[in-house]
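Enquirer: Here it is: the structure, laid out below.
The values are calculated or read from the model by the stated rules, or taken from the named source; none is laboratory data. Treat the numbers as computed from the prediction; the structure is a model and nothing was measured. As a convention, Cβ positions derive from the backbone with ideal geometry for all residues, glycine included, and neighbour counts pool all protein chains shown. With ligands, DNA and RNA removed, areas are computed over all heavy atoms of the protein, side chains included. Shrake-Rupley method; radii C 1.70, N 1.55, O 1.52, S 1.80 Å.
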Amino acid sequence: MKFSEKLIQEFMKPHFENNKTRINADATKLVAEIMRLVATEGATRAAHQAKQEGADMVTIEHLEKILAQLLLDL
């Protein structure tokens, strides 16, 4: 899984106070890597939750069950 630099820039742009603010390439790569790690960890935890419940597929309910702890662990 990889997040594109363009996606990261578009995601962050609305959060800048000054619309002329830019994010450099290294910062963009770092944010993309952090997003990749969080998404991977969330998927892994949701899969583990589904397995504990004996489910064959991961559903949104499994993700909802792990989300609070995942956010606290950040």
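Enquirer: Could you grab me the full set of residues in the range 1-50 that are of a type in the set (G, A, S) and either modelled with pLDDT of 90 or more or on the phi > 0 side of the Ramachandran plot (or both)?
Expert: Within the range 1-50, A25, A27, A32, A39, G42, A43, A46, A47, A50 meet the criteria.
Enquirer: Every residue in the range 52-66 that is surrounded by fewer than 10 Cβ atoms within 10 Å (Cβ to Cβ) and part of a helix (DSSP H, G or I), please.
Expert: The answer is I60, and nothing else.
Enquirer: Let me ask something else. Would you mind telling me which numbered condition in (1) closer than 12 Å to I66 by Cβ; (2) of a type in the set (D, E); (3) in contact (Cβ under 8 Å) with a residue 12 or more places away in the chain E5 fails?
Expert: Going through the list (1) closer than 12 Å to I66 by Cβ; (2) of a type in the set (D, E); (3) in contact (Cβ under 8 Å) with a residue 12 or more places away in the chain, E5 breaks only (1).
Enquirer: If I go through the range 23-42 residue by residue, how many of them are among the aliphatic types (A, V, I, L, M) and open to solvent by 60 Å² or more (accessible area, probe 1.4 Å)?
Expert: Of the range 23-42, the ones among the aliphatic types (A, V, I, L, M) are 23, 25, 27, 30-32, 34-35, 37-39.
Okay, now just the ones that are also open to solvent by 60 Å² or more (accessible area, probe 1.4 Å), so 30, 34, 37.
Looking only at that region, the number is 3.
Enquirer: Considering Q69, Q9, Q49, which residue is touching a Lys or Arg at 6+ places or on another chain (Cβ under 6 Å) and open to solvent by less than 100 Å² (accessible area, probe 1.4 Å)?
Expert: Checking each option against the conditions leaves just Q49.
Enquirer: Still on this structure, I have one more. Looking at T44 and the list (1) under 17 Å from E5 (Cβ atoms); (2) among the hydroxyl-bearing types (S, T, Y); (3) not in a loop (DSSP other than H, G, I, E, B), which single condition is not satisfied?
Expert: (1)
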